Structures are given as C-alpha cells and as structure tokens.
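Colleague: Dropping a structure here in structure tokens format, bear with me for questions.
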Amino acid sequence: MASHLDLEEQEQLANFKHFWSQYGNLISWLLIAALAGLAAFNGWQYWQRKSAQEAAALYDELERAVQAGEADKVQRVWADVQAKAARAQQGQQAGLLAASSLHGAGKSDEARQALAWVIDQSSDSALIAVARLRLAGLELEAKDYARALKTLDFKASPEFAPLLADRRGDVLQAQGQSDAARTEYRSAWDGLSEAPEYRRIVQAKLNALGFDPQSAANPKE
C-alpha cells in the first residue's frame, strides 16, 4: 500500500512539475501584476487623500492671507498650491480666489496667469467656464479684445451660455460693434429668465443701445 501511494504521489508530483514548467511563469507574472495593481490602487487612494488634505490646508491658508489683505503672502501660498495641489479640485478653486485677490491688489498680470492655470489644470467644466468668464473680463479691462473673444470661444454647458453671451456683448460693445453687441445681449437676456436680477442688468445694456427686449418679446397687437 505504501508503495502504491508513493507511486501516486510521484505521478502527481511529475504532473505538477510538467504543469508548472508550462504555466509557472505565466501564473507568477499574473500574481505579480495583480499585487502591483493592488499596491498601485492603495497608493493612489493614499495620494488622493493626502493631496485633498494638503489642498484644503493650503486653501485655508490662502483664504486667511486674502482676508488679511497680504498680497505678497497670497502669491507665496498660491505658488505652493500650484506646486503641491495642482490635481486637487480645491487647489484649482484656490486659483479663482488667488486671481480675485491679486487683481484687487493691482497685480492683473498675475491674476490672469492664475485663471489661465485653472483653465489648463481643471477637468471640471463649470470651474473652467467661471475661470474663462473672469479671464475674459480681465482681458476686456486690459483692452485685449481679440484675446477676450478667443477666451470666450469654447463650448460650455447650457447654464453658462447666457453669461458668455453677455460677456461677448461687453467686448463687442467696447470695440464699437453695437449691432453685434446687441445680438449677444439679446441672446443673454433670453437665456436669463431664471435670473431676474442679472437679466435687469442685461436689459439696461440693451436699453442703452436703444433696444427694449420686453417690447420686442411682447409686441402690441
């Protein structure tokens, strides 16, 4: 009986050796790949948590600098955000805050650079739209009309369409293109039915161009 079992064990061992000689390397590589994938996933989760925490801390520090009116510190913290939290959404939101503060401190070039950075780094369509609208406003202020129109030339979600039209109207009006500006303002007015306060501002712009959108929308019978 013992001899019979030894022969069976030897046969099983021989079969295993044959199997391993054919598939051993493949199995080893599959295990290594699976373990590497798990390690990478765990590492990615850790990096995500660490980045989010770091971005939140930097945003808080930036906000305190803004509230204190410390323009130099705003620039220093903003540089840290770009270096350490570029991929985090809160880091990208910090770009909007930094741009507003820098512009208020008379650092318009730095403000435009911050907004351009947000546009380049973010994958959030709403955040990009806000950054583009603000950047176009600064370019309009700098009388860089061609660049402002180029900044506004992008496909945004429907809720931003009226805001883009209004800003394009501002740029065109500054260029002396009143008819084109009126067309954009009318498009903005039509799309702002859910935002009455903003709609009144656009209506005032249309009125200044000699056009009453309410009369046009409700012609006398």
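Colleague: Of the cross-linked pairs Lys107/Lys150; Lys107/Lys143; Lys73/Lys150; Lys84/Lys143, which ones have a Cα-Cα span greater than 26 Å in the structure shown?
Modeller: Lys73/Lys150; Lys84/Lys143
Colleague: Could you check the spin-label model distance between Asp144 and Thr183? Points 7 Å from the Cα along Cα→Cβ, value in nm.
Modeller: The modelled label-to-label distance comes out at 2.6 nm.
Colleague: Starting from the Cα-Cα distance between Ser193 and Asp109, subtract it from 0.36 nm times their residue separation and give me the gain in nm to one decimal.
Modeller: Taking Ser193 through Asp109 to full extension adds about 26.7 nm, to one decimal.
Colleague: Continuing with this model, one more query. At 0.36 nm per residue, minus the direct Cα-Cα distance, what do Ala86 and Ala126 gain on full extension? Give it in nm, one decimal, please.
Modeller: Here the answer is 12.7 nm.
Colleague: Among Gln82, Ala146, Ala126, whose Cα sits farthest toward the positive end of the charge dipole of the range 52-147 (+1 at Cβ of Lys/Arg, -1 at Cβ of Asp/Glu, about the Cα centre)?
Modeller: Ala146
Colleague: In debye, nearest 20: dipole of the range 52-147 around its Cα centre with unit charges on the Cβ of K, R (+) and D, E (-)?
Modeller: With only Lys, Arg, Asp and Glu charged at Cβ, the dipole is about 180 debye.
Colleague: Sticking with this one: Taking only protein heavy atoms into account and a 1.4 Å probe, give the accessible area per residue of the range 75-180 in Å².
Modeller: That works out to 50 Å² per residue.
Colleague: Could you compute the FRET efficiency for Ala116 and Asn207, with r as their C-beta to C-beta distance and R0 at 30 Å, rounded to 0.05?
Modeller: 0.30
Colleague: Take the solvent-accessible surface of the protein heavy atoms, probe 1.4 Å, and return the percent of it on the range 52-147 that carbon and sulfur atoms account for.
Modeller: That share works out to 41 percent.
Colleague: Going by Cα centres, the range 162-221 and the range 85-125 are how many Å apart?
Modeller: Taking the Cα centre of each part, the range 162-221 and the range 85-125 sit 29 Å apart.
Colleague: Apply 1/(1 + (r/R0)^6) to the Cβ-Cβ distance of Arg200 and Glu159, taking R0 = 25 Å, and write down the FRET efficiency to the nearest 0.05.
Modeller: Plugging the Cβ-Cβ distance into 1/(1 + (r/R0)^6) gives 0.85.
Colleague: If you put +1 on each Lys and Arg Cβ and -1 on each Asp and Glu Cβ, how big is the dipole of the range 140-221 around its Cα centre, in Debye rounded to 20?
Modeller: Charge dipole, the range 140-221, about its Cα centre: 180 debye, nearest 20.
Colleague: What figure in square angstrom, to the nearest 10, would you give for the accessible area of Tyr145 with a 1.4 Å probe?
Modeller: In the full protein context, Tyr145 sits at about 50 Å².
Colleague: Right, next: Give me the percent of accessible area attributable to carbon and sulfur for the range 155-220, probe 1.4 angstrom.
Modeller: 50
Colleague: Measuring from label point to label point, each 7 Å out along Cα→Cβ, what is the Asp60 to Ser100 span in nm?
Modeller: The two pseudo-label positions are separated by 2.0 nm.
The values are calculated or read from the model by the stated rules, or taken from the named source; none is laboratory data. A quick note: this is a predicted structure, and the numbers were derived from the prediction, not measured. Here the Cβ is made from the backbone with ideal geometry for all residues, glycine too, and neighbour counts use every protein chain on show. Keep in mind that these areas ignore ligands, DNA and RNA; they rest on the heavy atoms of the full protein, side chains included. Shrake-Rupley method; radii C 1.70, N 1.55, O 1.52, S 1.80 Å.
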